[in-house]
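What follows is a single structure, written as structure tokens, with notes after it.
Derivation of every value follows stated rules applied to the coordinates shown; laboratory data play no part. None of these values were measured; they are calculated from a predicted model. Heads up, the Cβs are rebuilt from the backbone with ideal geometry, glycines too, and the neighbour counts pull from every protein chain shown.
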Amino acid sequence: MKKLILCLGMVVALISGCASSGNAAIKEETNETLAQKIQIGKTTQSQIRSMFGEPMSTGTGATVQETSWMYMFTGYRADAKTFIPIVGGFIGSSNTQHNMLTINFDKRGIVSNYRFNASNMKAGMMQ
């Protein structure tokens, strides 16, 4: 009986789906934690790079003299009930987390502004 329970537990752990993409360094960030880390007019590009790694994309900011860096993280998790044949679509649920951090730098490479957006969406018929 113990082996059966252990096997069932392992199966549930294996089939509960999760996936993520992007920069995991911003996964747990909030507006509050970023306000402690990033100081407008002081924090440099090299400091941002050491905190969050290489940006996912770069570009020109609001003015030609600004540079913009973007970091994104997306995580998806489906509960094990979602994978039950036939009824999974009705009783299962999923959660999607999306974080996006955009940082603008002035011509000296100092943070001039930043924006952080976070969303957490739950889906499922029985929510």
Checklist entry - What is the calculated FRET efficiency for residue 45 to residue 122, with r their C-beta to C-beta distance and R₀ = 25 Å, to the nearest 0.05? => result 0.10
Checklist entry - For residue 107, which aspartates and glutamates qualify as cross-link partners when the Cα separation must be under 14 Å and same-chain residues fewer than eight apart are set aside? => result 66
Checklist entry - Under 19 Å from the Cα of residue 37, which aspartates and glutamates turn up, not counting those fewer than eight places away in the same chain? => result 28, 29, 54, 106
Checklist entry - HN-Hα J couplings of region 104-116 from phi, Karplus 6.51/-1.76/1.60, θ = phi - 60°, integer Hz, Gly and Pro as x? => result 9, 10, 7, 5, 8, x, 9, 4, 9, 5, 8, 10, 10
